[in-house]
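Please read the structure below before turning to the comments.
The values are calculated or read from the model by the stated rules, or taken from the named source; none is laboratory data. On a predicted model such as this, the values are computed, not experimentally measured, just so you know. Don't worry about glycine lacking a Cβ; one is built from the backbone with ideal geometry, like all the others, and counts go over all protein chains shown.
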Amino acid sequence: MDILSIIGLVLAANAVLLGAVLRGAGLMALISLEAFMVVGVGTIAATCIQTPLPVMKHALRIFPWIVRPPSRDGRQIITKIVEWSNTARKQGLLGLEPLIARETDEFVQKALQLVVDGSEPEAINNAMNVELSMREHADITAAKMFEGAGIYSPTLGIIGAVLGLMAVLQNLTDPAKLGAGIASAFTATIYGISLANLFFLPVAGKLKGIIHRQTQFREMIIDGMMCIAQGENPRAIEAKLQGYLH
């Protein structure tokens, strides 16, 4: 579990709520159905227009990664690769076949299957790099959905503020409504800027970091599988892969 994400989300909420209280505005000043409709619903609408349905589904699937990122233990996979190398040297590549079904990671399964099938190292590298590139592209595109939402929400906050001020200008003859009307107008701006800078953009940045680490992890797997296919010494493989942990 990523405790920093949880701390960040809690602090983000408190930064706005407690800030409003300490400045004397009060929590009720932050509650505005009109602002929510313009900023919240508007941001969702813009994101839906921009994003294809498969990308949106994938984005919602990877969103929990900000709290529970995929388990990627580099040391554990290096240990496995070294064990597989020892097995291949003693029993041949076919000795690795029973191990394929034990792996839960589809990427590892595919790479191991290519090694067992006796594919050339270059063929393994080409096939797995295509797989790696497509997975990374799909994940990055999904993360960019949140980045897009972070771009739209501040602009929609400004639109909400302008709409609120338009309503205020229509009631200039009633001074009692001016203060509340202006305050309500700026609530939309708070919604838009806060959502962008305290949620959407940080979520996109966190996901991109996780995706980058996953790519490095998979590159290490490809490198290890190529070494096994080339029949390299297990100790040399371990020394080589250790470099990925820095």
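Structural remarks
- Look at (1) over 19 Å from Ala196 (Cα atoms); (2) touching a Gly at 6+ places or on another chain (Cβ under 9 Å); (3) of a type in the set (Val, Ile, Thr) and you find that Val55 fails only one, number (2).
- Wholly within segment 1-99, helices (runs of 4 or more DSSP H) carrying at least 3 residues that are at pLDDT 85 or above and either polar (S, T, N, Q) or under 30 Å from Asn233 (Cα atoms) (or both): 42-50, 74-91
- Of the residues making up segment 44-69, those that are of a type outside the set (D, E, K, R) and under 16 Å from Gly205 (Cα atoms) number 9.
- Meets criteria (part of a helix (DSSP H, G or I) and within 27 Å of the chain's Cα centre (by Cα)) for Asn126: yes
- With respect to the conditions (1) touching a residue at least 40 places away in the same chain (Cβ under 8 Å); (2) exposed (fewer than 14 other Cβ atoms within 10 Å of the Cβ); (3) not in a helix (DSSP H, G or I), Asn171 falls short on a single one, namely (1).
- Annotation note: Cβ proximity below 8 Å between a residue of segment 112-138 that is in contact (Cβ under 8 Å) with a residue 24 or more places away in the chain and a residue that is part of a helix (DSSP H, G or I) and basic (Lys, Arg) (sequence gap 6+ or interchain) occurs for Met128/Lys110; Met128/Arg218; Glu131/Lys110; Leu132/Arg218; Arg135/Arg218.
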